[in-house]
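Each remark here refers to the structure printed beneath this line.
The values are calculated or read from the model by the stated rules, or taken from the named source; none is laboratory data. Predicted model, so just to flag it, every value in this text is computed and none were measured. Every residue, glycine as well, gets a Cβ built from its backbone with ideal geometry; the counts of neighbours run over all protein chains shown.
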Amino acid sequence: MLILLHKNKLFRTTFWIFLLIANTLLSGLMQAQWVNDPAINNQIAEDVKNPKDIVTSENPDGGVFVVWQDKIDGSRSEIYYQHIDLNGKVSFRADGKRVSNRVFAKEKPVVSNAVNHSTVIIWKEYNRDRKGELYAQRVDKSGFLIWGESGKKAIETNGEIIEYSVATDPDGTSYLLYIEKIPAGKYSFRLRLQKMTAIGENEFPLSGEAIDSSSNQMSIPTVLATIKQEAYMLWAEYAERKNKIFVKKLLRDNSLDWDEKALELSGNKTRVLSYKAILLNSELVYAVWQTQEKEKNIFHQIFSERGGLLWDANGKQMTKMKGNNYNPQTILASDSTIITSWINENQSDRNIFVQKFWLKGKERWETGGVSYMRLNGDQFGQNLVADNQGGVIIAWFDSRQPKKKPDLYAQRINKRGELVWPRDGIPIAVNENSEKSYLSICRDQNDGVIAVFKEKRGRGAGLYSQRIFSNSIYVSEILDFSARVEGDSVKLSWKVGGKADVRFYRIEQLEWDEEGDEEWITLRTIETDVFINTGKYEYKIKPEESGTVYYRVVRVDRRGIEQVSDIARVNYIAGDTEDIFLYQNVPNPFSATTTISFYLPTKRNVRIEIYNSRVEEIKKIELTDTKVGRNNYIFQSDDLPSGVYFYRFVAGNFVDVKKMVIAK
């Protein structure tokens, strides 16, 4: 076996209270649970009755948050959520979990982008007076309700809440934009905003902060949160006998930019039926909209942080194809280009088209757009996600046979506009003649996709999911990948399933630069003939420094398509180290007890301080009976309530902080 020396860079910061180490980065590998049959799929929630308003949020650490509305007991509606990991396993109870224990009816959930292993859910709730209120909950992937068992009230109004949108910035602040209708008064439609901190505190009164108001009908509120702790707020408004798109910008100090004026985004020539908007970076926003004239058509536009339009005043027409063009969907590709798809309906035939654009609006692929779903029957209801190579993965509903209900398919297209998967697409769900709806897809972080959908099979409806790996298969061909410390080395081992069409394996290690940004570094590329063809592989690495080390294996086939293993983690201590080291507590989250471990090169007194989520010290533990090497301390939660806590470890001048979660 080969021994490889490699330096492990440790990322530390003296500002301990801001140190949130990625302790939930896939602490271990579980057996693959995905079903290798798109006619069966994975059921992700048991005992559902008739789930609706199903929304998802991609977990950047791997997996998907799924949120839905249902009436389990046949009386009031409730909001439930579930998390499924990269192996297809649910992360907590099989029937999902309620977002709140309040006894009032809840409906119409929306979900934010996930930040720090958690996502924010907003829903409308009706009290005894049937007045609409908006509530919020922050949930993590372990099933923990971060903002308490009841959630947080975000908005209270005597009017009618029409629509709402939510987004979260990288610091954890959530922006809730909503439209309310007041029965009396000159300005009956009002656009208002609420900001909520990472711990669930409202920055504005329960009535929200006024953004705009109008006697004209307002609709489709959309909020985009930036890394600068600013937000763009878009909405549609019926003005001058046309439905138009407007936008305002909120600054970090909660004031409005652009002299508090709204930017008219869609111009005067078209009537907007619907739109989508995405951040391109901290300075540019892209919007695409569908118009309703004699025929439906699509326009798009980019505006800057200074409130200027980059393209024509009325936007650019995306395509001049004959027939109706509608349902635009858009993403930012990993190479900083824009990929947008739409449906063209001409002579009773529906096909999905896709186009890639440079930021100046020039088409990257064929003029007018290209269709890779020009198949028999109708294709519609598409969803998009970006891969990591400048391409796109598309999923859609597909009616290929007459008198048969639509199935679900997917296709991957590379950055040059070429098909990666078979021409007819890869089946996602093809259970015979079942009714499928609420399709959404999320990236699996490894150039594949996880699809979530509702399906009625027989008499019952259920929530299902299916993963398609980057090389278009349904189950991983890298099995049981693990890392284990043996002596002064780390032993990596894995098994191989499926066809042996492997060109080489690439072993990678996660490192951090000085700014804390993550990067996967290649340690070794190994041709397959290095191993005896037993299907079981082992490899040893000797890190030079102590610390928590993350590894993964990348399988590259003869077509150049990559499949990435899940992540394995080890806590490595070099034999001659003079460093002090603090481990992540295990288990985490925990209920009654957890083990906090640390390494000492010399015997000395240490102190462990426990803080709550408000950074208030609630307990101090002095440890005097320590030893050279690894030490273990059993922490008991006692009467502490469920919540997020921090433990600060002090040994002389050495200070480190880690996060732990109590879930009772």
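Residues of region 169-190 that are in a strand (DSSP E or B) and surrounded by fewer than 24 Cβ atoms within 10 Å (Cβ to Cβ): LYS181, PHE189, ARG190. Condition first: closer than 28 Å to VAL385 by Cβ, assigned to a loop (DSSP other than H, G, I, E, B) and at pLDDT 90 or above. Can you find one or more residues in region 19-27 that meet it? No, every residue in region 19-27 fails to be closer than 28 Å to VAL385 by Cβ, assigned to a loop (DSSP other than H, G, I, E, B) and at pLDDT 90 or above.
Taking the conditions exactly as written (acidic (Asp, Glu) and at pLDDT 90 or above), does GLU345 satisfy them or not? Yes: the conditions hold for GLU345. No other residue among THR157, THR173 is at pLDDT 95 or above and within 24 Å of TRP235 (Cβ to Cβ) apart from THR173.
Tell me whether region 197-218 contains one or more residues that are acidic (Asp, Glu), outside any strand (DSSP E or B), out of contact with any Ser or Thr (no Cβ under 6 Å at 6 or more places or on another chain) and within 24 Å of TRP311 (Cα to Cα). No, region 197-218 contains no residue that is acidic (Asp, Glu), outside any strand (DSSP E or B), out of contact with any Ser or Thr (no Cβ under 6 Å at 6 or more places or on another chain) and within 24 Å of TRP311 (Cα to Cα).
So that you can scan it fast, the table gives a plain yes or no per residue for (1) under 21 Å from ASN297 (Cβ atoms); (2) at pLDDT 90 or above:
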site	(1), (2)
ARG350	yes, no
VAL354	yes, yes
SER371	yes, no
ALA386	no, yes
GLY390	no, yes
ILE393	no, yes
TRP396	yes, yes
LYS404	no, no
LYS436	no, yes
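In this structure, is TYR550 in the same structural domain as GLU519 (by TED's automatic domain parsing), surrounded by 19 or more Cβ atoms within 10 Å (Cβ to Cβ) and not in a loop (DSSP other than H, G, I, E, B)? In short, yes. Of everything listed in (1) more than 22 Å from the chain's Cα centre (by Cα); (2) surrounded by fewer than 18 Cβ atoms within 10 Å (Cβ to Cβ); (3) β-branched (Val, Ile, Thr), the single unmet condition for ILE155 is (2).
Only one of (1) under 28 Å from SER112 (Cβ atoms); (2) touching a Ser or Thr at 6+ places or on another chain (Cβ under 8 Å) fails for PRO422. Which number is that? With (1) under 28 Å from SER112 (Cβ atoms); (2) touching a Ser or Thr at 6+ places or on another chain (Cβ under 8 Å) applied to PRO422, the lone miss is (1).
The set of residues from region 66-90 being touching a residue at least 12 places away in the same chain (Cβ under 8 Å), of a type outside the set (Lys, Arg) and out of contact with any strand residue (DSSP E or B) (no Cβ under 8 Å at 6 or more places or on another chain) comprises GLY74, ASP85, ASN87. Determine which member of the set GLY643, GLY629, GLY652 is at pLDDT 90 or above and among the small types (Gly, Ala, Ser). Answer to the selection: GLY652. Restrict the check to region 131-148 and report whether at least one residue is free of Cβ contacts under 8 Å to residues at least 40 places away in the same chain and aliphatic (A, V, I, L, M). The answer is no; no qualifying residue exists. Scanning region 597-632 for residues being of a type in the set (Phe, Trp, Tyr) and under 19 Å from GLY547 (Cα atoms) gives a total of 2. Within region 192-211, can you find the residues that are of a type in the set (S, T, N, Q) and closer than 22 Å to PRO170 by Cα? Hits for region 192-211 are GLN194, THR197, ASN202.
As for region 355-372, it holds no residue that is surrounded by 18 or more Cβ atoms within 10 Å (Cβ to Cβ), of a type outside the set (Gly, Ala, Ser) and within 30 Å of ARG459 (Cβ to Cβ). Residues in region 446-460 that are surrounded by 19 or more Cβ atoms within 10 Å (Cβ to Cβ) and in contact with an Asp or Glu (Cβ under 9 Å, 6 or more places away or on another chain) were compared, and the one that is modelled with the lowest pLDDT is ASN446. When each of ARG98, ARG93 is tested for being without any contact (Cβ under 8 Å) to a residue 40 or more places away in the chain and over 18 Å from TYR164 (Cα atoms), the lone residue that passes is ARG98.
For ASP407, state whether it is acidic (Asp, Glu) and under 24 Å from the mean Cα position of the chain (by Cα). No, not satisfied. Within the option set GLU305, GLU295, being closer than 23 Å to GLN379 by Cα and among the acidic types (Asp, Glu) holds for one residue only, GLU295.
Could you look through region 588-598, keep only residues that are surrounded by 18 or more Cβ atoms within 10 Å (Cβ to Cβ) and at pLDDT 90 or above, and pick out the one that is farthest from ASN631 (Cα to Cα)? Out of the qualifying residues, it is THR594. The single condition among (1) farther than 27 Å from LEU145 by Cβ; (2) loosely packed, with under 14 Cβ neighbours inside 10 Å that LEU582 does not satisfy is (2). For ARG569, state whether it is modelled with pLDDT of 80 or more, assigned to a strand (DSSP E or B) and under 29 Å from ALA651 (Cα atoms). Yes.
For region 40-56, filtering for residues that are surrounded by fewer than 19 Cβ atoms within 10 Å (Cβ to Cβ), more than 23 Å from the chain's Cα centre (by Cα) and not charged (D, E, K, R) leaves 2. How do the pairs read when you match residues in region 449-470 that are in contact (Cβ under 8 Å) with a residue 24 or more places away in the chain and under 16 Å from ALA45 (Cα atoms) with residues anywhere that are surrounded by fewer than 19 Cβ atoms within 10 Å (Cβ to Cβ) and among the acidic types (Asp, Glu), using Cβ under 8 Å and keeping only pairs 6 or more apart or on different chains? Cβ pairs passing all conditions: GLU455/GLU435.
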